[in-house]
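Trainee: The structure follows.
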Amino acid sequence: ILSTMAKSVTSTKKIKKNKTKRKMDASDLIEQGDLALDSLDLNKALQCYESAIPQLQQDNEKMADVMAKIGECKVSMGDQEGARNDFEQAINIVPGDSNHKRAGYYLYLGQLSLEEEALEAYKKGIQELESCIRCNLESMEVEKEQVEDPHKNGNDCSISINDLKNQLARAHCTVAELFLTDLCYAQNAEKECEFHVETAMQITDEPTIDALQVMASLRLSQQKEAESYILKVYNEMKEGCDALATMVGLNEPLGDGAVELSNVEAVNSLPSFEFRSQTVKLLLECGSDECVQAAIQVLGSLLAENDEVIEIWYLLGCAFEMNDGGELAVEYWQRALEMLEKVKEGLQQEDEDDDILQQLNECKEQIAEIENKLQRHLETEERGDVSIA
């Protein structure tokens, strides 16, 4: 009897367990993948997305979305080639009238590619964005009752014209930057760069800061007037940069003068850390007193955001050197030097391989450069000169 009762209990538990266990459908898997991706659990996210694919064979648009998410996971995991294949599949799968999504996939593919392959992907992304804008403009001319459902024709009409124009301008800027870097030796590189940056400047009612910054970079490479463009970029972010720079008390000895953050809204609207870092370099390259002072304020915003980036301390030293702030320049250079020495010590303890050796050599070169600047400053002080050559 006891044996029969035990079997009965076990059987009941199995039935209950089977009742509660339900196979996750594609939507559940995608949701779980998104949560895992948000928490940086890349392996789990990848597993969820890949498990959802077989259930999406009849929905090409959703399958393309998931393929793109798989590609993003692989980028974060360092699998660039795998990510490229995933974005190429997303492009092939997505419905023909989903211009905006396909544009995004092409632009992402461009980021994962080099030189001519990158150029081809970016140009295709631009074409898709242009098609999307034309589609939206045509829809705006149709009677209101015919466009109540913006997704009816799969043409992303819910996206505002202004947003699309900003994305298109940014894409043209990316191509222009490609001709300033990887393709700078290509035939007609300067002409192509000029075309794309000029196009970007004209797409929106007012030039975007991306377009202004690329134009400044182009003009500097041409040894032409660039200051007006880069100062416009600074003026767009001045309020937020000033608020952050005030927090770290840049014009005081290190550790003094810091205050609480003001104007949170302006700070939240600032461009990315990387964008502002490039702004600083262009301002310093222009070199006027106004540009150098602006560079110091932008650097202050970067330091307040992340004080562990060695380059920011180094550039602050360079900026104060140009601003006749010799003692402050030395303080910032010395801080950069201390941080580099710690990095060098850490690299020397690693197992040697080509990557580690390259990093170590770069670190030693940077240390030598700062030591040279400090030595020149000391010699200048001994001579009684005001500035460093």
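Trainee: Which condition number does GLY96 fail, the rest of (1) buried (at least 16 other Cβ atoms within 10 Å of the Cβ); (2) outside any helix (DSSP H, G or I) being met?
Mentor: It is condition (1) that GLY96 fails.
Table: residues versus (1) within 31 Å of the chain's Cα centre (by Cα); (2) surrounded by fewer than 18 Cβ atoms within 10 Å (Cβ to Cβ); (3) assigned to a helix (DSSP H, G or I).
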position	(1), (2), (3)
LEU328	yes, no, yes
LYS342	yes, yes, yes
GLU352	yes, yes, no
CYS363	yes, no, yes
GLN366	yes, no, yes
ILE370	yes, no, yes
LEU374	no, yes, yes
GLU381	no, yes, yes
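Trainee: Shifting gears a bit: Could you tell me how many of the residues in the stretch 102-132 are open to solvent by 20 Å² or more (accessible area, probe 1.4 Å) and either out of contact with any Gly (no Cβ under 9 Å at 6 or more places or on another chain) or not in a helix (DSSP H, G or I) (or both)?
Mentor: 8
Trainee: LYS62 - would you say it is over 25 Å from the mean Cα position of the chain (by Cα) and either open to solvent by 20 Å² or more (accessible area, probe 1.4 Å) or at pLDDT 90 or above (or both)? Outline the logic, then answer.
Mentor: Values: over 25 Å from the mean Cα position of the chain (by Cα): yes; either open to solvent by 20 Å² or more (accessible area, probe 1.4 Å) or at pLDDT 90 or above (or both): yes.
Yes.
Trainee: Something else: List pairs: first residue in the stretch 339-351 and over 20 Å from ASN306 (Cα atoms), second residue open to solvent by 60 Å² or more (accessible area, probe 1.4 Å) and in a helix (DSSP H, G or I) anywhere in the structure, Cβ distance under 6 angstrom, at least six positions apart or on different chains.
Mentor: LEU347/GLN359
Trainee: State the number of residues belonging to the stretch 1-59 that are among the aliphatic types (A, V, I, L, M), modelled with pLDDT of 80 or more and not in a helix (DSSP H, G or I). Lay out the reasoning, then the answer.
Mentor: From the stretch 1-59, those among the aliphatic types (A, V, I, L, M) are 1-2, 5-6, 9, 15, 24, 26, 29-30, 35-37, 40, 42, 45-46, 52-53, 56; that's our starting set.
Narrowing the set further to residues that are modelled with pLDDT of 80 or more leaves 26, 29-30, 35-37, 40, 42, 45-46, 52-53, 56.
Applying the additional criterion that residues be not in a helix (DSSP H, G or I) yields 40.
Of the residues in that region, 1 qualify.
Trainee: Quick one: would you say GLU81 is surrounded by 17 or more Cβ atoms within 10 Å (Cβ to Cβ) and not basic (Lys, Arg)?
Mentor: On the way: surrounded by 17 or more Cβ atoms within 10 Å (Cβ to Cβ): no; not basic (Lys, Arg): yes.
No.
The values are calculated or read from the model by the stated rules, or taken from the named source; none is laboratory data. Remember, it's a predicted structure, so these values are computed and weren't measured experimentally. Neighbour counts are summed over all protein chains in view; Cβ atoms, including those assigned to glycine, are modelled from backbone coordinates with ideal geometry. All accessible areas refer to the heavy atoms of the entire protein, side chains included, with ligands and DNA or RNA removed. Shrake-Rupley method; radii C 1.70, N 1.55, O 1.52, S 1.80 Å.
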